[in-house]
Amino acid sequence: MMKEKVCVPDIGEASDVEVIEILVKQGDQVSRDDSLVVLESDKASMEIPSPVEGVVESIEVKVGDKVDAGDTILVMLTEIKELPQEIEHSEEVASSIDIVSEARQHRPETVTQQEAVLQEQSRENLDRDPTAKSKVHAGPSVRKQAREYGVDLSRVTGSGNFGRVIKEDVVAYVKNRLSQQVSDAVGAGIPAMPEVDFSKFGEVEVVSRSRIQQASARNLHRSWLNIPLVTQFDQADITGLESFRKEQNIRLAEQGIKMTPLVFFIRAVVSGLQTYPQFNASLHPDGEHIIHKKYINIGIAVETEDGLVVPVIRDADKKGLIALAGESANLARQAREKSLNIDALQGATFTISSLGGIGGTSFTPLVNAPEVAILGVSRARIEAVYDGEDFKPRTILPLALSYDHRAIDGAEAARFTDHLARVLSDTRLMLL
Ligand code: CAO
């Protein structure tokens, strides 16, 4: 152990500066850059940081004393003789006086806000490179200022001699980060909806939303905000499909099986995904890759009294019409009875939202992210279709394919719905 005097550094033109606060006491363990005393001139106040690590042996000043540069403040016991860090230029020290007084005046809003904005980032940076801090060249007051603002000095470009970070660099960095925050907020910031007191206009009842409704609201909102969504509309002539389905249903009724149009939509979608695998994919979070899935799991949007649930038919490409009829009916029943397990709700590669049993001419479904597309089906209607010679009654099914435009091009979407329309118009194609 050795004794080391800590003196008042060069404080520019200031002299006879008063000690207004002593921040340590005898026996305290002090780290380098910890503040020791606060001095105050008639212009500003400044905290004197410790240039070394050690234990306070004795304090040589008391509150009210007047000191000058070079006067001893205290004596430290240090392990190894450490050269006091280069005392900053008088210009820099003088500026640090301004900074302290400025910081005091502007707290709590400015500094608190800066700290909040920057501290998290500093933590991240330190996690990334724990040695980064020690490589920075900066004086004690600059380090202290950086600590106060929550700035990671390794992120600050030094404009002083040999890249030394000076206080103006820290201030510029903070200003820059704050203005970035503001511009980020302008880009992504959603103006909040004003809260309205509806009871001013009449009687109201506030009802809790189910957990499913709350969760799907969050998911849908996230999808809406993240996905550049386009919807491609098309229609399929399902006259043949409907007569085939009805014939089969008469036969299957004995076995208690009913094929709804949904089963055929699933088969058609499977065929589409096999032909256009880019629809059976997800964007990689790095934005540079796309993940093609070698399995085909179809999510089915099911309306329940608690909200929208999307159970999944796994390996739909390996299942025939009758198996799909049984499984989709089962999943829809379980969803409504709330008896689905979590596995049944995960791993979809493409979703179908069928509203045809209810009605509607068309709608734009939202992609069930991280999938890249969803098929919406509305109610089929009998329409008069000209066959080149005559108008014939045909059952026309409206299709709406919403897709993530980052992953799918418009032309691909048009080909996909065209493929669906052809397969649905000719059930034999489902066998291929
Ligand atoms: N056009 C005309 N009729 C249709 C049809 C269509 N596109 N789709 C179904 N139908 C008919 C069925 O043939 C059935 O008629 P019958 O009883 O006379 O045979 C009737 O409508 C009821 O069918 P269903 O809708 O109960 O059965 P399904 O297998 O077609 O659909 C399911 C099952 C789970 C998809 C459906 O019940 C459901 O919940 N749909 C709502 C999905 C939803 O909420 N989507 C919105 C999600 S947000 O984008």
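Projecting label points 7 angstrom from Cα along Cα→Cβ for GLU303 and HIS137 puts them 7.2 nm apart.
Determine, for PHE279, PHE265, the number of other Cβ atoms within 10 Å of each Cβ, and report the residues in order from fewest to most.
Lowest count first: PHE279, PHE265.
Extending 7 Å from the Cα toward the beta-carbon at both LYS318 and SER58 defines two label points whose distance is 8.6 nm.
Using Cβ contacts closer than 10 Å as the measure, can you line up VAL310, VAL230 from fewest to most? If you can, show how the numbers build up before the last one.
Working: VAL310 23, VAL230 17.
Ascending number of Cβ neighbours within 10 Å: VAL230, VAL310.
Over 20 Å between Cα atoms: which of LYS144/LYS167; LYS294/LYS338; LYS246/LYS338; LYS3/LYS25; LYS144/LYS175 fall into that group? Flagged as over cut-off: LYS294/LYS338; LYS246/LYS338. Distance between the 7 Å Cα→Cβ label points at THR72 and ARG415: 8.6 nm. Basic side chains Lys and Arg get +1 at the Cβ, acidic Asp and Glu get -1 at the Cβ, and with that the dipole of region 177-306 about its Cα centre reaches some 460 debye. Arranged from fewest to most other beta-carbon atoms within 10 Å of their beta carbon, LYS246, LYS5 become LYS246, LYS5.
Bear in mind that the values in this text are calculations on the coordinates, not laboratory data. Quick caveat: nothing in here was measured; it's all calculated off a predicted structure. Positions of Cβ are backbone-derived with ideal geometry, glycine not excepted, and every protein chain shown enters the neighbour counts.
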